[in-house]
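Enquirer: Sharing a structure here in structure tokens format.
The values are calculated or read from the model by the stated rules, or taken from the named source; none is laboratory data. Quick caveat, the model's predicted, so the values are computed rather than measured. Please note: Cβ atoms are built from the backbone with ideal geometry, for glycine as well, and neighbour counts cover all protein chains shown. What goes into the accessible areas is simple: the full protein's heavy atoms, side chains included, and nothing from ligands, DNA or RNA. Shrake-Rupley method; radii C 1.70, N 1.55, O 1.52, S 1.80 Å.
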Amino acid sequence: MNPKYKPLFEPYTFPNGISLKNRMIMAPMTNFSSNEDGSVTDAEVNYYARRSKGVSMVVTACTYVTPDGKGFKGEFGADTDDMIPSLQKLASAIKEQGAKAILQIFHGGRECPPDLVPNGEIVSASDVPSERGNGKAPRALSGDEVETIILAFGETTRRAIEAGYDGVEIHGANGYLIQQFFSPHSNRREDKWGGSLDKRLAFPLAVVDEVKKVTAKYAKEPFIIGYRFSPEEPETPGITMADTLQLIDALADKNLDYLHVSLNDFWSKPKRGLEDSRSRMEIIQERVGQKVPVIGVGSLYSADDVLKAFDTSVPLIALGRELIIDPDWVEKVETGREAEIETEIDLGAQTRLVVPDPLWQAIVNTPGWFPGVK
């Protein structure tokens, strides 16, 4: 190994005592490849197994906690105990390769396609249509329904424990339900779940509390609890960088094992709410990094890209698209072959890369999504 990359391979121990063998993590990425009943396919299992050997931890694609939370065609489910064998199959495949397995738990809210949820009825914090997705106005959840969904996040955490996962990641990013409650665009409620910024924090924090409570009850050994968030929204009104600093302050007080920032570009800078010329990642790390570990991510392809990001003091780096392009990325750096890393997708290499058909079709038909796809 080139000595300059050695810091990337130092072990890391979470606050709860669980240790990782290195600082590289597989980021959660939707793969559209599960069965219609929500069970995991063999193609999906093989895809994860192919990418789990080098990294220290794998965060799965998101899984829905209730039937009305399904956000994608080909998304796998964790909304009933019947799904535990399917969940277990995926956890085992990841862990057999030496990585920790983290289940990302989620509800799509107003971003759910109507044809994927019961009766075509999408729900959210308020009846404000999304500016991103189907544009159909959701139905505002009642107070009782909000409580039911919070409990569902807890029940899915129990299933993750029973299925052998090492932890869960609460998906509070990318405009989905948890973020919808925090956002002034999607949350216009006037009850305890909305209004002021503090009240818009109530749902995300209640989900965290429920997940922690269930973990304390059912986990017989240390269990990782992480939270993923998006720092800003393009909508007006929408989440600003200033809002996000309030969010992460509150999350840092919850004794979580990590915060995971959702970004397309590690080095992107705040757009509004904060006058600061540094990257969002550097701002976030400075704000809460001493209280809770931060995972950075975003268009890091070469070994030097990752090393430069790691030099910001962010302790863990997630690789997303790069591990689809080159599943052997970590092993190549570890064995001094970083010059052999592929940074553009080989469009003739689906079989070699072990990518399921639905994900492969999404890649080749979406210009600009992956380096090498025009």
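Enquirer: For L347, tell me the accessible area in Å² from a 1.4 Å probe, rounded to the nearest 10.
Expert: Looks like 90 Å² after rounding.
Enquirer: Still on this model: Can you give the accessible area of E334 in Å² (nearest 10), computed on protein heavy atoms with a 1.4 Å probe?
Expert: 90
Enquirer: In addition: How large are Rg and Dmax for region 183-329 when only the alpha carbon atoms are used, in Å?
Expert: 16.5, 51
Enquirer: Please work out how much length the chain gains when fully extended from S313 to E190, using 0.36 nm per residue of separation minus the C-alpha to C-alpha distance, in nm with one decimal. Display every interim value, and only then the final one.
Expert: Values: separation 123, 0.36 × 123 = 44.28 nm, distance 4.03 nm.
Here the segment from S313 to E190 would lengthen by 40.2 nm.
Enquirer: Let me ask something additional. Picking from F76, F106, F223, which is most flexible by a Gaussian network model of the chain using Cα springs under 10 Å?
Expert: Its mean-square fluctuation being the largest, the pick is F223.
Enquirer: If you don't mind, another one. Please name whichever of G71, S19, F106 sits farthest to the positive end of the charge dipole of region 1-118, dipole taken about the Cα centre and charges placed at Cβ: Lys and Arg +1, Asp and Glu -1.
Expert: S19
Enquirer: Oh, and also: Taking the Cα centre as origin and putting +1 on Lys and Arg beta-carbons and -1 on Asp and Glu beta-carbons, what dipole magnitude results for region 235-374, to the nearest 20 debye?
Expert: Values: 14 positive and 24 negative charges, 83 e Å.
The dipole of region 235-374 has a size of about 400 debye.
Enquirer: Taking the Cα centre of the chain as origin, sum charge times position over the Cβ atoms of Lys and Arg (+1) and Asp and Glu (-1), and report the length of that vector in debye to the nearest 20.
Expert: Details: 42 positive and 55 negative charges, 125 e Å.
So the dipole magnitude of the chain works out to roughly 600 debye.
Enquirer: Using a Förster distance of 30 angstrom, determine the FRET efficiency expected from the C-beta separation of E344 and S19, and round it to 0.05.
Expert: 0.30
Enquirer: Over what distance in Å are the Cα centres of region 73-141 and region 278-330 separated?
Expert: Region 73-141 and region 278-330 have Cα centres spaced 26 Å from each other.
Enquirer: Projected area of region 256-325, taken from the Cα convex hull and averaged over every viewing direction, in nm²? Don't skip to the answer; put the middle values down first.
Expert: On the way: hull surface 19.9 nm².
Over every viewing direction, the Cα hull of region 256-325 projects on average to 5.0 nm².
Enquirer: In addition: Label-point separation (nm) for E275 and K53, each offset 7 Å from Cα along Cα-to-Cβ?
Expert: The two pseudo-label positions are separated by 5.3 nm.
Enquirer: Another question about this same structure. Send over a whole-number figure in Å² for the accessible area per residue of region 173-285, probe 1.4 Å.
Expert: Details: 4520 Å² over 113 residues.
Dividing the accessible area of region 173-285 by its residue count gives 40 Å².
Enquirer: Where does each of 159-167, 122-130, 62-70 land if you order them by average Cβ count within 10 Å, highest first?
Expert: Details: 159-167: 22.8, 122-130: 21.2, 62-70: 25.6.
Per-residue Cβ counts within 10 Å, averaged per peptide and sorted highest first, yield 62-70, 159-167, 122-130.
Enquirer: Per the Debye formula with a single identical scatterer at each Cα and no solvent contribution, what log10 I(q)/I(0) holds for region 7-88 at q = 0.11, 0.18, 0.19, 0.20 Å⁻¹?
Expert: Each listed q maps to, in turn, -0.36, -0.82, -0.87, -0.92.
Enquirer: Leaving out ligands, DNA and RNA, what percent of the accessible area of the chain is carbon and sulfur, probe 1.4 Å? Show your work: numbers first, answer last.
Expert: Details: 6880 of 14530 Å².
Of the solvent-accessible surface of the chain, carbon and sulfur hold 47 percent.
Enquirer: Still on this structure, please answer the following. Can you work out the accessible area per residue across region 1-109, with the rest of the protein chains kept in place, probe 1.4 Å, in square angstrom? Kindly include the intermediate steps, with their values, before the conclusion.
Expert: Working: 3800 Å² over 109 residues.
About 35 Å² of surface per residue is accessible.
Enquirer: Taking 7 Å along the Cα-to-C-beta vector as the label spot, tell me the K6-S268 distance in nanometres, rounded to one decimal.
Expert: It is 3.6 nm.
Enquirer: Of all DSSP beta bridges located in the chain, what percent are antiparallel, nearest 5? Write down the numbers at each step before the final one.
Expert: Values: 2 of 35 bridges.
Among the beta bridges of the chain, antiparallel pairing accounts for roughly 5 percent.
Enquirer: If you don't mind, another one. Hey, what's the per residue convex hull volume over the C-alpha atoms of region 1-158, in cubic angstrom? Working shown, then result.
Expert: Numbers: hull volume 22.8 nm³, N = 158.
Hull volume normalised by residue count: 144 Å³.
Enquirer: Under the rule of at least 5 residues apart or a separate chain, name every residue whose amide H is placed under 5 Å from the amide H of K100.
Expert: M57, V58
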